[in-house]
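Participant: Sharing a structure below in structure tokens format, with a few things to ask.
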Amino acid sequence: MNRRPTIAEQLARQGISRRAFLKFCAATASLMALPPGMAPAIAEALGKIRRPSVIWLSFQECTGCTESLTRSHSPTVESLIFDMISLDYHHTLQAASGEAAEHAREEAMKEPGYLVLVDGSIPIKDGGIYSTIAGISNLQMLKDTVENAAAVVSIGTCAAFGGIPMANPNPTGAAGVQALMDQGLIARKPVINVPGCPPIPAVITGVLAHYLTFGAIPPLDALGRPLNFYGDSIHDRCYRRPFYDQGKFAKTFDDEGARKGWCLFELGCKGPTTHNACATTKWNDGTSFPIESGHGCIGCSEPNFWDAGSFYKALSAPADPLSFAAGAAVAGAAVGVGMSFMNRAKKSSAKAAHETATLKDLEK
Amino acid sequence: MSASLEKGVAVLKEMIDAPIASYFNSCVHCGLCAEACLFYTETGDPKYTPIHKLEPLRRIYEQEYTLLGKLAKMVGLSKPVTDNELEEWKELVYNSCTLCARCSLVCPVGNDIVYMVRKFREGMAVSGHAPEGLIGATTRAIEIGSPMGVKLPAVQAQMKHVHKDVGIEIPMDQEGAEYMVLLSSMEIMNFPEYLGAIAKIMKQAGKTWTLCSTAFEATNSGIQIGSSDLAKVIVNRIVEGAERLKVKTVISPECGHAYTALRWDGANLVGRPFSFKVLHILEVLDEFRAQGLLKTEGFEMDRMTFHDPCQLVRRGGVVQQPRNLMNMVAKDFVEMEDAGKYNWCCGGGGGVSANEDAEELRLQVFKIKKGQLEKTGAKTMVTACANCRIILEEGLEHYQMDIPVVGLTEMIAEHLAESKS
Amino acid sequence: MNEMELLNWVRGPGLNIAVAVFLLGTIWRLFEIYSLGRKQDLSAPRNAAGASGWHTVVRRSMPPPGMLKRSPVSYIGGYAFHIGLAIVVFLFAPHIVLIENLIGLSWPALPSQVVDLAAVVTMAAMVLVLVDRINKPVKRFLSTFEDYFTWAVTFLPVLTGYLAVQHLLLPYTTMLALHILSVEILLVVLPFTKLFHVFTLFASRWYNGNANAHKGVPV
Amino acid sequence: MSGLDNIPVNVEAPAMPFGSGNTGAILAELETSLQTLLTSGKEHSIDLRSLPLLPGELDYLRERLGKGEVQVDVNALGHSTVIETAIRGVWWVTHRNAIDNVMAEFLEVSFCPDIIRAQRDDVRESLETLAALLAGDNHS
């Protein structure tokens, strides 16, 4: 088996200058949301690490995550990323089909230490029959592939947390990769969750670049998300935050406040509870992000976002708080009126039974 | 549960009403009522916190009239009230509460604490937990007609004495008189000048008045001990007398509790509105003053201050009248701190003066009055309640202060313009 | 249960239950208390300026003469804590949205920096009154488990709310969930503890004022 | 684009005291960095995309910093521009990719940004290339 080239070697082979490499490293640092001073460290790391084999598995998904990645407006970086890895299996992107395709996956799995990328959730209800590829259930395929993997990157909210397939009532018993590991259904490997519906393309490439550059899992939050992209909430990084602090809110999507770009909290923006890089990295090559274009954050990078109440209801506004209110009021009135009848009866019977006090009563 | 306790609880069940329920539910244990109570401020003992004096009543309310209280009692979280506990509370409910109602004025959530103490005494009295002294006074009031055991012959003797003294015959049982004058035992026994003062004032004003042979005594121990049934017996004498003599107005003497018992409790005790008016003597005097029927001459030159009897000012609403009258005859009239409705009690109201067990504590808490008085530098103290007067005199003597205590009515009478009448 | 699930529970079923218990308890307790009624006063009334139940409802918010000096912590701490709590509860934008969702009423919010300050003042005042409760013999004597419990139940929503807004201690989502949960505990507990004074104090003041106004005493 | 411009949305750029507060912070950071550069020669750069800026704040920053004497175009993996600001020693570096999208944007504080300088390895390779070139010339 031929030795895989280091990334720097790979780039040099393509005739890329050191100056270009330096630019690449600076852009990569920015992409990974690392301080610019990290560029030399990146350059050094890229000189050492080898181009790993990557297997991309797609399960219950909409291909949105792949679309996002390929619509990345940093094709240079993207192409470099694909130069940096050996993408050995990807439904949508690979040329091979049928048995040849599956064969490619089996080949790649022969050398342990590959990276597994997953998009889509995995149905486990009824033996996992709700989604199969080449006659193999998603669960089985994931189980086999993960066995010898170095790490798993869950791309998108479905793979990370179950996403929309898992939304109530979850007919297929869909679950994310981490959940399957927690349930012991697949081997436990390091997992990086890159949620979002879809994730920001630059975040996908940034996370991969980080893993490849430093050969290690980046620091993660409690939900397994890289802190450099998911460490802050949208709200904290939002350019409209000053309006929130001043109490200036758009009340409808077409009022004065909306035109002036005021805070969308009252229109249901989930920015405060959503962790993602939208407010800084933005979308479409840094052009904009939902809040900048006038729509609140829907919280797509958080678990259960689909079932977390209306997208258009303020975060502090409850889902349906008064659903028992009428019943409770009636029950309260019933108890209260019941007590008042009892009390009045007790009081009047005490009055009726009143024995006029005499001097004798004073002496015990 | 003893029969007497059962009777007490039954009476409290009758007494507990929406205000009491509201008050207990509003209390946040802030302790501010303690700061308004002279028994706490002068002793520093937290057990004298007014709301704490009602602890057994609170439990009875909760256990009898709230669902959660019933449940708590059932599972043993809320202990039933016992005879021993009530006996323990006797000191708090009687000895260390003068029903002065200062606490009711400061409670930030608005609890009328004295209203509750008054009601709690109903249960305490019939379950046999009233103090001996008060039981004695009440027994005499019911059986003899006056808490100090004063009988009609004693009054008649005083009438003769006054007649000789001031030269005016004291009318008795005069039907159709405008005013029926009541006396308190203390006035009959200790301050006979009062009757003479009334005679002179009435003469100057040209008003008809009378005493009543069946209702000369105004004080009502039934109210103090907290028995409405017994208080009613006493009030009924006055109502019957006033109705028999067809008087327009009944004048309560210089006695705070006598006034509130008749003025505010009376109609509620007999269960119907009165056909006559009830006025305190100071109210009558101030009316006379306003109508020009009260003329005085000369002034007291010593510095004087006026002690507001709680039942007259805070519980009675008579605030401005004594000030008007003081200014008629006193050149150097100074107010004490907190004068008026925030005045501090002398320490002997609410039956405390009749309660020997409370004497030591009463003298201890008199310090507040002593301090107030010293600050004014007054040489004479004037008041309008015979009970306050006795207590003030005792207190001043105890603390070796040589300050005379005078009844306002008598002082006015002494300055009546003698000229024509 | 992850933080988002917790948040969803407290915003959904949790709040439903809390609001239901609160309504049930409040209506029940109000009936239970005020149906006891009171006797009509048959004595001839005396009228005086400024004496009425309503006057007392307002007047009792001010310290009577001399009382501020006797118990400064009760008054100053009490004012700071009640007013601060009112600012935080009713003038913080997210709370107004909540109220608007519940009952359809809305009003302008204060800048969040002002609300932050009010929250800090409120917490400081609450700590102060707690220390006073422990230190002052009368208050300590009167205090039962309920007094400390209700203090905690009132303090926690302010604390968790502040921590959530300031991103301290726990992630915002978790803290927000705990904040809402603590408010729910407060709602559930309120009708059955001394916290019910938020409703009864107005009636208590009125009863007291009314009874004394009958005697011509403005209390 | 012109179609979008017709939509009557006017995003208000808040007056400075109410802005994101980051432009002020950036200028302050530049000030300390320049000082460090003078005293210790240490270079510094600020990633403009890692900071949330209000619409218009980037332009505001550009306006405040002004334009200096040097403007360098670099063609490596796409087009990059290195522009010295009127604050000498502060360089506005914009990296674009092959299709001219901005990949990264930095404010660099240095006497001369690294990206302009020829790289040692490249120079070594160039030397070889030149040597080979000369050898070829000699042969012919």
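What follows is calculated from the coordinates using simple rules that are stated; it is not laboratory data. Remember, predicted model here, so these are calculated numbers, not experimental data. Please note: Cβ atoms are built from the backbone with ideal geometry, for glycine as well, and neighbour counts cover all protein chains shown.
Participant: About the Cα centre, and with charges only on the beta carbon of Lys, Arg (+1) and Asp, Glu (-1), how big is the dipole of region B:359-421? Nearest 20 debye, please.
Facilitator: Dipole size: approximately 300 debye.
Participant: Based on the alpha-carbon gyration tensor of region B:140-198 and its eigenvalue square roots a ≥ b ≥ c, which shape applies: rounded if a/c is under 1.5, prolate if not and a/b is larger than b/c, or oblate?
Facilitator: Oblate, because a/c is 1.5 or more while a/b does not exceed b/c.
Participant: Taking region B:298-357, which chymotrypsin sites (Phe, Trp or Tyr not before Pro) meet the DSSP loop condition and have no more than 12 other C-beta atoms within 10 Å?
Facilitator: Listed in order of number, the matching sites amount to none.
Participant: Hey, which lysines would be in cross-link range of D:K42, C-alpha to C-alpha under 21 Å, not counting anything within fewer than 8 residues on its own chain?
Facilitator: List returned: A:K23.
Participant: As I understand it, the value is the acute angle between the Cα axis of helix C:112-135 and the longest principal axis of the Cα atoms of chain C; what does it come to in degrees, rounded to 10?
Facilitator: Taking the Cα atoms of chain C, the angle to C:112-135 is about 60 degrees.
Participant: Hey, what do the phi angles of region B:153-158 turn into as Karplus ³J(HN,Hα) couplings, whole Hz, using 6.51/-1.76/1.60 and θ = phi - 60°, x for Gly and Pro?
Facilitator: Per residue, the Karplus-derived 3J(HN,Hα) values read x, 5, 5, 4, 4, 4 Hz.
Participant: For chain B, treating each Cα as an identical point scatterer without solvent, what Debye log10 I(q)/I(0) comes out at q = 0.07, 0.08, 0.12 1/Å?
Facilitator: Rounded to two decimals, the profile gives -0.34, -0.44, -0.96.
Participant: Among bridges DSSP assigns within chain B, what percent are antiparallel (round to 5)?
Facilitator: Of all bridge pairs located within chain B, approximately 5 percent are antiparallel.
Participant: Using the alpha-carbon atoms, what tilt in degrees (0 to 90, nearest 10) does helix B:3-15 show relative to the longest principal axis of chain B?
Facilitator: The two axes meet at around 70 degrees.
Participant: Explain nothing, just compute: Karplus ³J(HN,Hα) = 6.51 cos²θ - 1.76 cosθ + 1.60, θ = phi - 60°, for every residue of region D:75-81 in order, whole Hz, x for Gly and Pro.
Facilitator: Ordered by residue, 3J(HN,Hα) equals 10, 8, 6, x, 8, 10, 10 Hz.
Participant: For a quick check: sort A:W283, B:W264, C:W206 by the number of other beta carbons within 10 angstrom, fewest at the front.
Facilitator: Ranking A:W283, B:W264, C:W206 by Cβ neighbours within 10 Å, fewest first, gives A:W283, C:W206, B:W264.
Participant: So for region B:140-289, if I pair up every lysine 8 or more residues apart or on another chain, how many of those pairs have alpha-carbons under 14 Å apart?
Facilitator: 4
Participant: Next question, about the same structure. Using Cβ counts within 10 Å as a stand-in for footprinting exposure, how do A:C300, B:C103 rank, fewest first?
Facilitator: A:C300, B:C103
Participant: Using a/c under 1.5 as the rounded threshold, could you call region C:1-136 rounded, prolate or oblate? The axes a ≥ b ≥ c are square roots of the C-alpha gyration tensor eigenvalues, and prolate needs a/b larger than b/c, oblate otherwise.
Facilitator: oblate
Participant: Pick out, in residue order, every one of the GluC sites (Glu not before Pro) in region A:250-312 that is DSSP loop and has at most 15 other C-beta atoms within 10 Å; say none if there are none.
Facilitator: Sites meeting the loop and neighbour criteria: none at all.
Participant: Next question. Ranking B:C37, B:C346, A:C297 by Cβ neighbours within 10 Å, fewest first, what do you get?
Facilitator: Sorted ascending by nearby Cβ count, the order is B:C37, A:C297, B:C346.
Participant: Moving on to the next point. So which GluC sites (Glu not before Pro) in region C:1-71 end up in coil per DSSP with only 14 or fewer other C-beta atoms within 10 Å?
Facilitator: Here no GluC sites (Glu not before Pro) fit, given the DSSP loop and packing criteria.
Participant: Give me, ordered by chain and number, the residues 5 or more places off B:V382 or on other chains with an amide H under 5 Å from its own placed amide H.
Facilitator: The answer is B:T305, B:F306, B:H307, B:V406.
Participant: Now a separate question. If each DSSP helix of 4+ residues adds -39,500 (n - 2.57) and the sum is divided by the residues in chain A, what number results at 222 nm, nearest 500 deg cm²/dmol?
Facilitator: -11000 deg cm²/dmol
Participant: Normalised by the empirical 2.2 N^0.38 Å for globular proteins, what value does the Cα Rg of the protein assembly as shown take?
Facilitator: 1.38
Participant: If you don't mind, there's one more thing I want to ask. If you place +1 on the Cβ of every Lys and Arg, -1 on the Cβ of every Asp and Glu, and leave all else neutral, what size is the dipole of region B:130-282 about its Cα centre, to the nearest 20 Debye?
Facilitator: 340 debye
Participant: What is the local net charge at A:A333, summed over the other residues whose Cβ is closer than 15 Å to its Cβ (Lys, Arg +1; Asp, Glu -1)?
Facilitator: Its environment carries a net charge of 0.
Participant: Over chain B, what relative contact order in percent results from Cα pairs under 8 Å that are six or more residues apart?
Facilitator: Once normalised by length, the contact order is 17 percent.
Participant: Also, I was wondering about something else. Using a/c under 1.5 as the rounded threshold, could you call region C:60-219 rounded, prolate or oblate? The axes a ≥ b ≥ c are square roots of the C-alpha gyration tensor eigenvalues, and prolate needs a/b larger than b/c, oblate otherwise.
Facilitator: prolate
Participant: Ok, one more. Quick one: in region B:102-203, what % of C-alpha pairs are over 24 Å apart?
Facilitator: The calculated P(r) of region B:102-203 puts 48 percent of pairs beyond 24 Å.
Participant: Could you list, in their original order, any pairs among B:K47/B:K90; B:K370/C:K215; B:K341/C:K69 whose Cα atoms are separated by more than 20 Å?
Facilitator: Flagged as over cut-off: B:K370/C:K215.
Participant: Name the lysines eligible as straight-distance cross-link partners of A:K260: C-alpha to C-alpha under 18 Å, and not fewer than 8 places from it in the same chain.
Facilitator: Here the lysines satisfying the reach criterion relative to A:K260 are A:K248, A:K251.
Participant: Follow-up question, since we're still on this one. Quick one: Karplus J couplings for region A:109-119, per residue in order, coefficients 6.51, -1.76, 1.60, θ = phi - 60°, nearest Hz, x for Gly and Pro?
Facilitator: 6, 5, 9, x, x, 6, 9, 9, 10, 10, 10
Participant: With no solvent and one equal point scatterer per Cα, compute the Debye intensity ratio I(q)/I(0) for region A:234-307 at 0.17 Å⁻¹ and report its log10, rounded to two decimals.
Facilitator: Here the Debye-derived log intensity ratios amount to -0.58.
Participant: Shifting gears a bit: Quick one: which residues, 5+ away or cross-chain, put their amide H under 5 Å from the amide H of A:L220? H built at 1.01 Å from N.
Facilitator: A:L227
Participant: Calculate the dipole size of the protein assembly as shown relative to its Cα centre from +1 charges on Lys and Arg beta carbons and -1 charges on Asp and Glu beta carbons; express the result in debye to the nearest 20.
Facilitator: The calculated dipole for the protein assembly as shown is roughly 2640 debye.
Participant: Between helix B:113-126 and chain B, what is the angle of the helix's C-alpha long axis to the longest principal axis, kept within 0 to 90° and rounded to the nearest 10?
Facilitator: Taking Cα atoms only, the helix is inclined about 80 degrees.
Participant: Right, next: Can you pull the mean other chain C-beta count within 10 Å for peptide C:93-105?
Facilitator: Average per residue, whole number: 5.
Participant: Out of residues 5 or more away from B:K277 or on other chains, whose amide H comes under 5 Å of its own, with H placed 1.01 Å from N in the peptide plane?
Facilitator: Result for B:K277 returns B:T249, B:V250.
Participant: For chain A, give me every cysteine whose Cβ has no other Cys Cβ within less than 4.7 Å, ordered by residue number.
Facilitator: Here A:C25, A:C62, A:C65, A:C158, A:C238, A:C263, A:C269, A:C278, A:C297 come out as lacking a disulfide-compatible partner, given the Cβ-Cβ threshold of under 4.7 Å.
Participant: Looking at the P(r) of region B:3-129, how many percent of alpha-carbon pairs lie beyond 18 Å?
Facilitator: Percent of Cα pairs beyond 18 Å in region B:3-129: 51.
Participant: Along each of the three principal axes of the Cα atoms of chain A, give the extent in whole Å, ordering the values from largest to smallest.
Facilitator: Principal axes ranked by extent give 116, 52, 45 Å for the Cα atoms.
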